[in-house]
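**Student:** My structure is below; once you've seen it, I'll send some questions.
The values are calculated or read from the model by the stated rules, or taken from the named source; none is laboratory data. What you are looking at is a predicted structure, and each value in this text was computed from that prediction instead of being measured. Note: ideal-geometry Cβ built from the backbone for every residue, glycine included; neighbour counts use all protein chains shown.
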Amino acid sequence: MEMAKEPIDPSDGPICSICIANYNGMGIIDSALQSVMEQDCDFPIEVIVHDDASIDGSVDFIRKNYPGVKLIASEVNTGFCVSNNRMVSKAKGEYILLLNNDAVLLPNAISTLYKEARRQESPGILGLPQYNFFSGKLIDRGILFDPFINTVPNFNIKQADVGMVIGACLWVPRALWEELGGFPEWFHTLGEDMFLCCLARLRGYPVRIIHTSGFKHRVGSSLGGGKIVTNRLSTSKKRRALSERNKSYVIALTYPAPFFQLIFPLHLALFLVEGVLLCFVKKDLNLFRSIYISCIRSLWHERKRLCHLRKNIQSSRRISLPRFLSPFTPIPYKLLMLIKYGVPEIN
């Protein structure tokens, strides 16, 4: 699939559609929208917000303060995947920028992404360095994976090809998004960006980080957790359950043979051992039920869907196993985090 390089007539519509999923983001979405409105770019853009049945006045706030925003106000909570799929279905831009409501773009972010997209020989997924919203500290330059698809932050400025671009700020040509099928709505929330990037890479499309510009992110503000607090890793049961379930889905769907046959049984075995040890340390049996047993039940419940989709996904693979594994690191990242920060706090 080759992307047209000819410049687009602005009268044809926006070049880029910025899509922001919002749920009870009254206290944070204003800074996200302001960062979009203040972008230093010389081409037309559109902004679409999907409000996922917020109860904090977000809809009225956006309508009053940002009348130029295309607002999709859902009457029921549908989840992050459905929210983004709905926005992209309404988007008119050649390119899509998915932006979290808790993320703030640096002033040249959109123009930087656009220029790189036009330079690429084939379409691909692009991202920017991620910085802590409060401290300004670099969080990552894209994401690498360990063998069990735990996310490993990349800090190497010389490494542009990565395993995934975080969905908080993810640029993708609309045609590529449509070819890949968008986010799997049955994921609901978390891991959808991981799946999309792995699927793109399987089909031979690049997933790259541009090391100039960037965005600031209030990590963990949407679902809670997923961040370091007072030198301890802190998360929530809901976030951990969704994350572990959806990572398991991604392994089942995207890992090529024979890597899949080697890793998946080991992943499940170590996962259950981790659950037993964590419950013993925390003295909380409910952790095992709500996170670990819940994940296994979901995998069993979705087994037919997973087998069917895996067959289709693997039949469309265009890259070799070594190339698929190129952004993987050999050491399990959870072990490194345990050594550095100890047992995580789970609220």
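**Student:** Going through Leu278, Leu285, Leu299 one at a time, which residue ends up being modelled with pLDDT of 95 or more and not aromatic (Phe, Trp, Tyr)?
**Tutor:** One residue alone meets the criteria, Leu299.
**Student:** Between Arg297, Arg323, Arg305, which is under 17 Å from Lys247 (Cβ atoms), under 23 Å from the mean Cα position of the chain (by Cα), assigned by TED's automatic domain parsing to the domain that holds Thr235 and surrounded by fewer than 16 Cβ atoms within 10 Å (Cβ to Cβ)?
**Tutor:** Step by step, each of Arg297, Arg323, Arg305 is checked, and only Arg305 is under 17 Å from Lys247 (Cβ atoms), under 23 Å from the mean Cα position of the chain (by Cα), assigned by TED's automatic domain parsing to the domain that holds Thr235 and surrounded by fewer than 16 Cβ atoms within 10 Å (Cβ to Cβ).
**Student:** Can you confirm whether Leu113 is in the same structural domain as Ser31 (by TED's automatic domain parsing), in a strand (DSSP E or B) and either touching a residue at least 60 places away in the same chain (Cβ under 8 Å) or surrounded by fewer than 19 Cβ atoms within 10 Å (Cβ to Cβ) (or both)? Don't jump to the end; show me each part of the working.
**Tutor:** Working: in the same structural domain as Ser31 (by TED's automatic domain parsing): yes; in a strand (DSSP E or B): no; either touching a residue at least 60 places away in the same chain (Cβ under 8 Å) or surrounded by fewer than 19 Cβ atoms within 10 Å (Cβ to Cβ) (or both): yes.
So Leu113 fails the test.
**Student:** Could you figure out which of (1) at pLDDT 95 or above; (2) on the phi > 0 side of the Ramachandran plot isn't true of Asn231?
**Tutor:** Unmet condition: (1).
**Student:** While we're looking at this one, here's another question. Would you be able to tell me the number of residues in the range 253-267 that are over 23 Å from the mean Cα position of the chain (by Cα) and closer than 24 Å to Ser290 by Cα?
**Tutor:** 2
**Student:** Being under 20 Å from the mean Cα position of the chain (by Cα) and of a type outside the set (Phe, Trp, Tyr) is the filter here, so list the residues in the range 326-336 that pass it.
**Tutor:** Answer for the range 326-336, where residues must be under 20 Å from the mean Cα position of the chain (by Cα) and of a type outside the set (Phe, Trp, Tyr): Ser326, Pro327, Thr329, Lys334.
**Student:** Let me ask another. Before we move on, is Ala160 surrounded by 16 or more Cβ atoms within 10 Å (Cβ to Cβ), in contact with a His (Cβ under 9 Å, 6 or more places away or on another chain), free of Cβ contacts under 8 Å to residues at least 60 places away in the same chain and within 25 Å of Tyr205 (Cβ to Cβ)?
**Tutor:** Considered against the rule, which asks whether it is surrounded by 16 or more Cβ atoms within 10 Å (Cβ to Cβ), in contact with a His (Cβ under 9 Å, 6 or more places away or on another chain), free of Cβ contacts under 8 Å to residues at least 60 places away in the same chain and within 25 Å of Tyr205 (Cβ to Cβ), Ala160 comes out as yes.
**Student:** Please go through the range 188-228 and give me each residue that is part of a loop (DSSP other than H, G, I, E, B), touching a helix residue (DSSP H, G or I) at 6+ places or on another chain (Cβ under 8 Å), closer than 22 Å to Ser83 by Cβ and at pLDDT 90 or above, ordered by number.
**Tutor:** Of everything in the range 188-228, those that are part of a loop (DSSP other than H, G, I, E, B), touching a helix residue (DSSP H, G or I) at 6+ places or on another chain (Cβ under 8 Å), closer than 22 Å to Ser83 by Cβ and at pLDDT 90 or above turn out to be His188, Thr189, Leu190, Gly191.
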